[in-house]
Every structure is written in C-alpha cells, then in structure tokens.
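Take a look at the structure below.
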Amino acid sequence: MTIANSLRTGPDEHGRFGLYGGRFVAETLMPCILELEAAWEAVRRDPGFQAELDAWLADYVGRPSPLYFAERLTEALGGAKIYLKRDELNHTGAHKINNCIGQALLAKRMGKRRVIAETGAGQHGVATATVCARLGLDCVVYMGERDIERQKPNVFRMRLLGAEVRPVSSGSRTLKDAMNEALRDWVTNVESTFYLIGSVAGPHPYPAMVRDFQAVIGREAKAQILEKEGRLPDVLVAAVGGGSNAMGLFHPFLDDREVRLVAVEAAGEGLDTGLHAAAMLKGRPGILHGSRSYLLQDEDGQVIEPHSISAGLDYPGIGPEHSWLKDIGRLEVTAATDREALEAFETLARLEGILPALEPAHALAATAKLAPSLPKDALVVVNLCGRGDKDVYTVARHLGVEL
Amino acid sequence: MTTRIERRFAELRREGRAGLVTFLVAGDPDIPTFERLLERLPAAGADLIEVGMPFSDPMADGPTIQAGNLRALSAGVTLARTLECVRRFRARDDTTPLVLMGYYNPIWAYGRLRFLDEAVSAGVDGLIVVDLPPEEDEELCLPALERGLDFVRLATPTTDDRRLPAVLRNVRGFLYYVSLTGITGVKEALAEAVAPQVARLRRHTELPIAVGFGIKTPEQAAAIARVADAVVVGSALVGEVAAHLDAEGRPGKGLVAAVHGRVEALARAVRTARS
C-alpha cells in the first residue's frame, strides 16, 4: 500500500532527503559508490538475500530482541509506561550488528574480501570484526586514539576476533577522524575493499542502506507493542550520534504521525559550554564525510571537535535523514548532559538490573525528564541500543572509583 | 576571450614542453611567509599555481598536506584571507594562472555564490573541489562556469571509459589526472602506469592533462613531463615547509629559499624533460 505524502520514500534518485544527503566524495570513490548502490538495489529486492539476512538475524544475532516493560523505572518516574527495546541483548551487545551482517553479506556478494570500518565506542568495530570472523573476511578497524583509551575492552575484543585495529592520531582522535582515515584507506584500496559504515551517515547509498538494515528494530517494536498494548506507542526515544539506532526505531513509524519521535543528542558538559556533540541543536547544515547534514562547525566552515562522555555519540554530524525530519517538524530534538546520562546509567542499573551503554543512557535521561509529564496510560518506547559493560571503566572514573 | 589557463597551456605547447604546477596551502605556515612563497613561485619556475584552501578534515590528503592544513588554520587562515592573498598576488602578476583547491564545506559555509563572485574579482582562474563529483555539479560547478571560472575535475584510475564522459562534461581549463588510487603524498607515481592512462584520456578530450599525486623528485617530474601537459607537485613542497620550522613551529630562516630551490629544481627537470 502506498500512503499519500509518505515520509518513508526518501531519498530521491540523487540520494537527497530535501537539502540533505548527496554524494560529496572524491572521484576515486564515485565508481565504487555507484557499484555499491547498484548492488544494494539488487539485493533489497531479492527475496533470497532477505531470507538469508533474516536467518542470520534470528540464529546468530538472536532477534527478535524483547520489548520489555520497565515496571520499576515506570513507578519511579511516576508517569508514562516505559518500554525498553532490548537491542543490547543482541550478539555483541548492541544494535550495530544488525547493519554489519547486512553489509558484510553484501560485501561477499560483491566479491570484496577486505572490510574496513570506523568505530567510536567500539561497538560497531566489534560487530564488524565479529561478522568478518564468521564470514572469513579480512577486517581493519580505524579508531581514534582517544577512543581507544576510553574503550579498552572493546579494542581487545576486536583483536581477539582477528581484526586489525589501527589507531588514528589525527585531529581530535575520535570518531570523525577514524572516519577520515577509513575514507583515506578506501580511496587507496578501492578495488579490493568494502567500507562498512556503521551509521546512517556518509555518501548515498549508506544513509538509506544502514537505515534499512536497522529498521528491523522499529518493525519488531511496532508488532510487539501492538501485541502487548493493542495500540501504537505515544513516544519513541533514542539517542543520536550518527543516528543509526534512532533511525532504525523511528523509520517504520514515520507515517504514524500521532507517534512522537524524540532524538536525544549528547549535551556533554552543557549545550552552552561549547563542549557537546549536539549537531542538530547547535550546528548548521554543512558537508562532511560525503553528505550534507547538520554539522558542528565554526563560522569558516571548519569542523568543531565534539565532546561527549559517550564515545558513540562523540561525532560532529548526524545522518541526513534526521536533519530533514527535524526541519519538517517530524522529529523532536532534545539533549542530555554527561552528568544526566551517568545518573540514568545508575538508575537503570539499580531499578531494572540492566547496565545500559552510555549512549542509550542519554535516551534514558531524556525519558526521565519526559515521562513524569505524561499521563499514566501514555506509552513510551526507549531504544536500549547497547549494553554498558564496555563503559564500566569510564563510569568508575566519573564516580571516583578505581578499578 | 581566452583565459589565463588557456593562454598558459598555449604557450607551453609552443615551447614544446610540459608545465610545472605547484601546490602550497594558503597561509602555511603563516600568512606573511606564505605570501613571500607565493610571490616568487613564477620566478622559480611554477607555470601554474595551485593554492589549497585549508580545511579541518582533508579526507583525500595524506599526513604531509593534512599537517599543512592544520598549520594554516592555527595561523588564522580563513577563506576570506585566502582570497585576499590571491588578490595581492594578482595585483603583481597578471599572467600566472592560479587555481584554488580544497573541500566544499568552507565554500558552502562562506556562501557559494558570494565565494564565486569574490574569487572572480580576486583573480582566481579555476577551482578544484575534491568532494564535488559530477553528480553534484549544480552545487558549484555550473554557477562557477557561468561566471567564467574554470572548474577543473579530477579523473582517477577508477574513472573508466563508461564514466569518463560524465567526468569530462563540465570540465574547463584542464583535466587533473590523479596518478594513483590513494591520498596525496604517500605512494609514488609511475610514469609507465601513467602514460597509457593519459593516452586513454586524450582519446576522450582535447583539454590539457595535468598529472599529480605521488610526484616528488625532479626525476619523477621529468618522467611524467614526457607524457603529460603538466606535472603537479604538492606534498614535496608542503613537506619542505614543514622541514624548515623550528621546534615551536615558527618558520626558520631558510624556509622560503628552500621551497623556491625545490621548485627551481623541479622546473629545470620539467623544462628539459623532452629535449
């Protein structure tokens, strides 16, 4: 069924979501991006590929992930009923593997033997290393030196899985620089290499392709909430760095206009301190890493180094589809600080026995502000997109505990 | 009406030699030193000048030019100041073609049409914007051509015959052949690999063909000069700037002379390559 004025039809043939998106890449990469687009168009319509993907998601990733009623959190906040979409229960502990499986299967079909990836928190790197190990592909992961320091357990995990982790020492030594370095690798090894981008960012077709691989989150959540509550939720809440977990949850609901979509950016030390990663709230449209989208930049168009306690949100941009949805008023954007995320981390641990990753802790912090103002029969679904084991060192440091 | 770029390539053809294109980052390591470098580039043998517009995230550049970009940004270089440098250069030199090279975001942030108008009035002859492939021509290429500003495109080893017509469609000035798949200044260009590629390009275009990426030494430049219309040298010169900075990053005494010396040696090699 086609819905008139559907918001789910983008991008257009130029890879644009309104002003945003596009293919702003060096000529060396263009033939490769066009080849990828053609390969992607072929498999997305291929029932055989979809069946193969579904089997991997069921038996290897462990989908569907539960939609869990957080009863004690709901009681404590005293407002809306809060459900958690438990994507932290996936193999490798985050939503990232949904996309990695899809792209790695596509890489194999395209005959590429070498996969490269960028990673911030390390979750995408671990998921990429995992699927490459399973599918027998060579894997190189670029990671900023600063993130390597913050995410040591994940670095070791990647190495155990047979991936080569290459530290990136340029720029702010975080996710954006890892992506620059991955692009430099891709330009250099374009014939042999598949660039497995971890977020709904980068040149077309990545934002659409990653979204489609992650949309399994929202499709499941929709069926699950209908089964449990007999109706759609009132609010969906997800953290955004590049924006893949949020887009995965939101996209199947875009045309359900009564469902509020709340994206939570990292406010770092505070939105007015300059030390944050709130691209949509504090940035302007700009061009980085192959697409136009909201971007943290100075007056001269130089990219500003972002800040967040969460390595996965420490990115100066945001996926182009988010920017478009914000501009047309479909997406609500809010933010949570480092401190608020830490509080939410501790709250969830104590009330529900779940250690959330610091990324979804931002979504939980926003939920803690939002839920009390909603009626008790309102339904909120929060994307719990990763588990917090990787963050225990960071959290300990902030709590003044030495491990 | 002919352009400076057309006139320069016509002269080179008459002289039966290839041209030398030099690349430096605007304001590297600081604006006064850069302007001294720029001023004497033609006398040192640069036939055409490329000036990099600094960007915080130069994705197609290797470590040497990345560092040059960061030095320039630390020195306070902006797009407006880059254009001022060009304007002052042009007041003294009305014949040497000057092309600005960089990435799209600083131009977009400045305002594309404002940038194009000011670039024309400052005396810029052409633009190379790394992250604007033909698929995005409406962004900057077409408005640039309308204003008489040449848009120089990169063709690469991955640009196959099927794609070449699209790449060549709106190119003016010259075609810049990237000699290798990769970033600037890391691998080495091989004339044996470049020659058949240049021959392939010539079957598709009458435009002059410059070859760059991975050309460092006078010997390499001479080898490329035997097959191409111009040879682009960038990282080697930016590296020469870096090699003459003191521990605090300030320009040492010999910096300007060393860079010009490097240009002279390259120019000699390029000028005599076919004789």
Is it fair to say A:Tyr294 is closer than 30 Å to B:Ala80 by Cα, within 19 Å of the chain's Cα centre (by Cα), not acidic (Asp, Glu) and not in a strand (DSSP E or B)?
no
Just give me the residues in the stretch A:328-340 being in contact with a strand residue (DSSP E or B) (Cβ under 8 Å, 6 or more places away or on another chain) and either closer than 24 Å to A:Asp272 by Cα or surrounded by 19 or more Cβ atoms within 10 Å (Cβ to Cβ) (or both), in sequence order.
A:Leu331, A:Glu332, A:Val333, A:Thr334, A:Ala335, A:Ala336, A:Thr337, A:Asp338, A:Glu340
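Every residue, every condition in (1) within 14 Å of another protein chain (Cβ to nearest Cβ); (2) out of contact with any helix residue (DSSP H, G or I) (no Cβ under 8 Å at 6 or more places or on another chain), yes or no:
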site	(1), (2)
B:Arg14	no, yes
B:Phe23	no, no
B:Asp28	no, no
B:Glu35	no, no
B:Leu48	no, no
B:Ala60	yes, no
B:Arg90	no, no
Mind listing whichever residues of the stretch A:9-30 are at the interface with chain B (Cβ under 8 Å from one of its Cβ atoms), without any contact (Cβ under 8 Å) to a residue 12 or more places away in the chain and surrounded by fewer than 18 Cβ atoms within 10 Å (Cβ to Cβ)?
none
Criterion first (within 14 Å of chain B (Cβ to nearest Cβ) and buried (at least 24 other Cβ atoms within 10 Å of the Cβ)) does A:Arg184 satisfy it?
yes
Can you tell me which residue among A:Glu118, A:Glu37 is within 14 Å of chain B (Cβ to nearest Cβ), surrounded by 17 or more Cβ atoms within 10 Å (Cβ to Cβ) and assigned to a helix (DSSP H, G or I)?
A:Glu37
In the stretch A:65-86, which residue that is assigned to a helix (DSSP H, G or I) and of a type outside the set (Gly, Ala, Ser) is surrounded by the most Cβ atoms within 10 Å (Cβ to Cβ)?
A:Leu73
Can you name the residue in the stretch A:153-176 that is surrounded by fewer than 23 Cβ atoms within 10 Å (Cβ to Cβ) and in a loop (DSSP other than H, G, I, E, B) and, of all such residues, is farthest from the other protein chains (Cβ to nearest Cβ)?
A:Leu161
Residues (in a loop (DSSP other than H, G, I, E, B), of a type outside the set (Gly, Ala, Ser) and out of contact with any Asp or Glu (no Cβ under 8 Å at 6 or more places or on another chain)) located in the stretch A:227-262
A:Arg231, A:Pro233, A:Leu254, A:Asp255, A:Asp256, A:Arg257
Candidate set from the stretch A:264-293 (those that are farther than 21 Å from A:His204 by Cβ and buried (at least 24 other Cβ atoms within 10 Å of the Cβ)); member that is nearest to the other protein chains (Cβ to nearest Cβ):
A:Ala277
Which of the residues belonging to the stretch A:263-278 are more than 12 Å from A:Ala239 (Cβ to Cβ) and not in a loop (DSSP other than H, G, I, E, B)?
A:Gly268
Sort out which residues of the stretch B:159-187 are closer than 20 Å to A:Asp185 by Cβ and facing chain A (nearest Cβ under 9 Å), and write them in order of number.
B:Thr159, B:Val178, B:Leu180, B:Thr181, B:Gly182, B:Ile183, B:Val186, B:Lys187
I need a count of the residues in the stretch A:218-248 that are crowded, with 24+ Cβ neighbours inside 10 Å and more than 13 Å from A:Val380 (Cβ to Cβ).
11
Which strands (runs of 3 or more DSSP E) sit wholly inside the stretch B:94-193 and have at least 1 residues that are under 20 Å from the mean Cα position of the chain (by Cα) and aromatic (Phe, Trp, Tyr)?
B:175-178
Candidates A:Leu89, A:Leu105 - the one that is within 22 Å of A:Leu348 (Cβ to Cβ), hydrophobic (A, V, I, L, M, F, W, C) and surrounded by fewer than 24 Cβ atoms within 10 Å (Cβ to Cβ)
A:Leu89
Please identify the pairs in which a residue from the stretch B:247-275 that is among the hydroxyl-bearing types (Ser, Thr, Tyr) has its Cβ atom under 9 Å from the Cβ atom of a residue that is surrounded by 18 or more Cβ atoms within 10 Å (Cβ to Cβ), counting only partners at least 6 apart or on another chain.
B:Thr272/B:Arg17; B:Thr272/B:Ala222; B:Thr272/B:Ala225; B:Ser275/B:Arg17
Looking only at the stretch B:240-275, which residues are surrounded by 16 or more Cβ atoms within 10 Å (Cβ to Cβ), small (Gly, Ala, Ser) and closer than 10 Å to B:Gly45 by Cβ?
B:Ala267, B:Ala269
Residue list for the stretch B:220-264, restricted to those being more than 29 Å from B:Glu15 (Cα to Cα), of a type outside the set (Lys, Arg) and outside any helix (DSSP H, G or I)
B:His244, B:Leu245, B:Asp246, B:Ala247, B:Glu248, B:Gly249, B:Pro251, B:Gly252, B:Gly254
Taking the stretch B:92-138 only, how many residues are of a type in the set (A, V, I, L, M, F, W, C), more than 24 Å from B:Leu12 (Cα to Cα) and within 14 Å of chain A (Cβ to nearest Cβ)?
7
I'd like the full set of residues that are more than 7 Å from every other protein chain (Cβ to nearest Cβ) and either surrounded by fewer than 22 Cβ atoms within 10 Å (Cβ to Cβ) or in a loop (DSSP other than H, G, I, E, B) (or both), limited to the stretch A:300-311.
A:Ile304, A:Glu305, A:Pro306, A:His307, A:Ser308, A:Ile309, A:Ser310
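Read-outs throughout are calculated quantities, based only on the coordinates presented, and are distinct from any laboratory measurement. Note that the structure is a prediction, hence the values are computed from the model and not measured. Ideal geometry is used to build each Cβ from the backbone, glycine not excepted, and the neighbour counts take in all protein chains shown.
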